[in-house]
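For reference, the structure discussed in these notes is given below.
Every number in this text was worked out from the coordinates using simple rules, so none of it is lab data. Since the structure is predicted, the reported quantities are computational estimates derived from the model, not experimental observations. Note that each Cβ is placed from the backbone with ideal geometry, even for glycine, and that neighbours are counted across all protein chains shown.
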Amino acid sequence: MEGWRTGLVTTFVPEIPFDTFKGEYVVVVVGPPPMMKFTGLNLMEQGVEPEKVYMSFERKISCAIGKCGHCRIDEVYVCLDGPVFPYTVARDLID
Ligand code: FES
């Protein structure tokens, strides 16, 4: 897609100038649960709208067909309902 940029961010969330992007961005967070939790919190502190943030939980998938329960977080089956969730859902799924 023309004009789209992607990047890999680890510890640099506070340095990203989200306000200069004029709302033309999404953030996808992938990693271990503690990192995802604190990255999400940090993004919120930076003023990023929760609707702009997505989190991926594919690491929990085993059978991928809803049978083994390995991916289950509360009542959510990551393999069937995700594995990518909007932050508004994911913030409550982080185990
Ligand atoms: S990976 Fe087995 S139920 Fe989701």
* Hey, rough spin-label estimate for Val84 and Glu49, points 7 angstrom out along Cα→Cβ, what's it come to in nanometres? -> 1.8 nm
* Asked: When the C-alpha atoms of the chain are aligned to their principal axes, what extent does each axis show, in angstrom, from largest down?
  -> 45, 29, 20
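Rank these for me by crowding, Met44, Met55, going from fewest to most other beta carbons within 10 Å.
By the 10 Å Cβ count, ascending, the order reads Met44, Met55.
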* Asked: Against the longest principal axis of the chain, how steep is helix 33-45, in degrees 0 to 90 to the nearest 10, with axes from Cα atoms?
  -> 30 degrees
* Potential lengthening between Ala64 and Val30 on full extension [0.36 nm per residue; Cα-Cα distance subtracted] -> 10.4 nm
